[in-house]
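Engineer: Once you've had a glance at the structure underneath, I'll fire off some questions.
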Amino acid sequence: MKKEKYNVAVAGATGAVGNEMISILAQRNFPVDRLKLLASTRGAGTKLEFKGKQYTVEVMDENSFAGMDIGLFSPGGSVSQKFAPIAGKAGCVVIDNTSAFRMDPEVPLIVPEVNAHAIAGYHKKNIIANPNCSTIQMVVALKPIHDAARIKRVVVSTYQSVSGTGKRAIKELENQVLAVYNQQEIKREVYPHQIAFNCLPHIDVFLENGYTKEEMKMVNETKKIMEDDSIRITATTVRVPVFYSHSESVNIETEKKLTANEVREILSKAPGVVVVDNPKKSEYPLAIHAAGKDETFVGRIREDESIPNGINMWIVSDNIRKGAALNAVQIAELLIQKYL
């Protein structure tokens, strides 16, 4: 018999994404029976609220997932690598927000608006991967265009907020802004250079090919989610002094010609997308407006005049919500509706 409520564990509960997962579970009235909040020894003992009740964060160990149905994971990647398989073997389906399992051929990589059908493969390891934040918002906008005209090539430049690095990075930007205004020493602990009033073309580590790991995540994850290895993708990812929401300049080349108006029409009907595109009134997606929202916002839609079948777009979404916590909870909702 299908359950009415589910036992849910949140791993990495004290982090920015973990906090947001707990909030979204409450906001969307997810049918939680028993909630277990987990973290490292550093976060254990912290009190967090869920639906008006206080919960004490526990230390995550090998026995944490007994009796749990769903595990929402947002710890470090090495922690997920260790504990996600343990949870899976205990019968807990893990939805993992780290990069640890994204490219594993036996682990579905899911954006519900794009490839919900692929959740069916979760049973191989009892793990489902949540994609990279910058990938999620891009594919939500790309998929309906790909279905209509087949995308051949994508060139993306991202403008990613500091919340993508976590709570310490948010604090570092706050402190540096105050230090600049007060003419004090700029202290750097999270980023290799000052982030306040600056842009860093450096997210994650550099690889042998000259790209960063973040850039190659966008390349490889997009192909897996879109289920089309023929799409050519190149990315430049940049950290900017914004607290919440990632912005992306995306140029696509399609097989079939689409006008800007046709793209607006397609995206206006796409799930999870809101078109904000009236430049004459200075209306286009902004990071400050996307923060705290569930949708992905698309604007500055125009034809690329340098090639026959090109389109330019500006895509903005809250990286902590749709780019992480919300996407994971949406996966969990589909999981209980169709599979558990």
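The values are calculated or read from the model by the stated rules, or taken from the named source; none is laboratory data. Note that the structure is predicted; figures quoted are calculated from it, not measured. Using ideal geometry, Cβ is built from the backbone for each residue, glycine included, and neighbour counts are taken over all protein chains shown.
Engineer: Scan region 215-229 residue by residue and report those that are farther than 17 Å from residue 155 by Cβ and of a type in the set (A, V, I, L, M, F, W, C).
Structural biologist: Hit for region 215-229 is 225, nothing else.
Residues are listed down the side, and each one gets a yes or a no for (1) modelled with pLDDT under 95; (2) under 20 Å from residue 159 (Cβ atoms); (3) acidic (Asp, Glu):
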{"position": "261", "(1), (2), (3)": "no, no, no"}
{"position": "281", "(1), (2), (3)": "no, no, no"}
{"position": "289", "(1), (2), (3)": "no, yes, no"}
{"position": "301", "(1), (2), (3)": "no, yes, no"}
{"position": "304", "(1), (2), (3)": "no, yes, yes"}
{"position": "324", "(1), (2), (3)": "no, yes, no"}
{"position": "332", "(1), (2), (3)": "no, no, no"}
{"position": "339", "(1), (2), (3)": "yes, no, no"}
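Engineer: Just checking, does region 317-335 include any residue being crowded, with 16+ Cβ neighbours inside 10 Å, within 19 Å of the chain's Cα centre (by Cα), under 14 Å from residue 145 (Cβ atoms) and touching a residue at least 12 places away in the same chain (Cβ under 8 Å)?
Structural biologist: No, region 317-335 has no match at all.
Engineer: Being of a type outside the set (Lys, Arg) and part of a loop (DSSP other than H, G, I, E, B) is true for just one of 334, 326, 258, 267. Which residue is that?
Structural biologist: Going through 334, 326, 258, 267 in turn, the sole match is 258.
Engineer: If the Cβ limit is 7 Å and pairs must be 6+ apart or interchain, which residue in region 267-282 that is among the hydroxyl-bearing types (Ser, Thr, Tyr) pairs with which residue that is modelled with pLDDT of 95 or more?
Structural biologist: Close Cβ pairs (under 7 Å, with a partner that is modelled with pLDDT of 95 or more) amount to 268/275.
Engineer: Mind listing whichever residues of region 205-237 are within 26 Å of residue 176 (Cα to Cα) and buried (at least 17 other Cβ atoms within 10 Å of the Cβ)?
Structural biologist: Across region 205-237, the qualifying residues are 212, 214, 237.
Engineer: Let me ask you something else. Residues to consider are 309, 319; find the one that is more than 23 Å from residue 265 (Cβ to Cβ) and touching a strand residue (DSSP E or B) at 6+ places or on another chain (Cβ under 6 Å).
Structural biologist: On the way: 309 fails: more than 23 Å from residue 265 (Cβ to Cβ).
Exactly one of 309, 319 is more than 23 Å from residue 265 (Cβ to Cβ) and touching a strand residue (DSSP E or B) at 6+ places or on another chain (Cβ under 6 Å), namely 319.
Engineer: Going through 259, 236 one at a time, which residue ends up being in contact with a Ser or Thr (Cβ under 6 Å, 6 or more places away or on another chain), among the β-branched types (Val, Ile, Thr), farther than 22 Å from residue 113 by Cβ and in the same structural domain as residue 194 (by TED's automatic domain parsing)?
Structural biologist: After ruling out the rest, the residue left standing is 236.
Engineer: Something else now. Would you call residue 130 modelled with pLDDT of 95 or more, under 22 Å from residue 36 (Cα atoms) and surrounded by 23 or more Cβ atoms within 10 Å (Cβ to Cβ)?
Structural biologist: Working: modelled with pLDDT of 95 or more: yes; under 22 Å from residue 36 (Cα atoms): yes; surrounded by 23 or more Cβ atoms within 10 Å (Cβ to Cβ): yes.
So residue 130 passes the test.
Engineer: Report, by residue number, each residue of region 12-40 that is within 13 Å of residue 68 (Cβ to Cβ) and of a type in the set (A, V, I, L, M, F, W, C). Walk me through it before giving the result.
Structural biologist: Step one: list which residues in region 12-40 are within 13 Å of residue 68 (Cβ to Cβ), which gives 32-38.
Listed by number, the residues that qualify are 32, 35, 37, 38.
Yes/no matrix, rows are residues, columns are (1) part of a helix (DSSP H, G or I); (2) touching a residue at least 12 places away in the same chain (Cβ under 8 Å); (3) touching a Pro at 6+ places or on another chain (Cβ under 8 Å):
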| residue | (1), (2), (3) |
| --- | --- |
| 143 | yes, yes, no |
| 147 | yes, no, no |
| 156 | no, yes, no |
| 159 | no, yes, no |
| 169 | yes, yes, no |
| 184 | no, no, no |
| 197 | no, yes, yes |
| 209 | no, no, no |
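Engineer: Within region 4-79, which strands (runs of 3 or more DSSP E) (wholly inside it) include 1 or more residues that are assigned by TED's automatic domain parsing to the domain that holds residue 329 and touching a residue at least 24 places away in the same chain (Cβ under 8 Å)?
Structural biologist: It comes to 6-11, 32-39, 47-50, 70-73.
Engineer: Could you tell me which numbered condition residue 196 fails, if it satisfies all but one of (1) under 21 Å from the mean Cα position of the chain (by Cα); (2) of a type in the set (A, V, I, L, M, F, W, C); (3) under 25 Å from residue 241 (Cβ atoms)?
Structural biologist: Answer for residue 196: the failing condition is (1).
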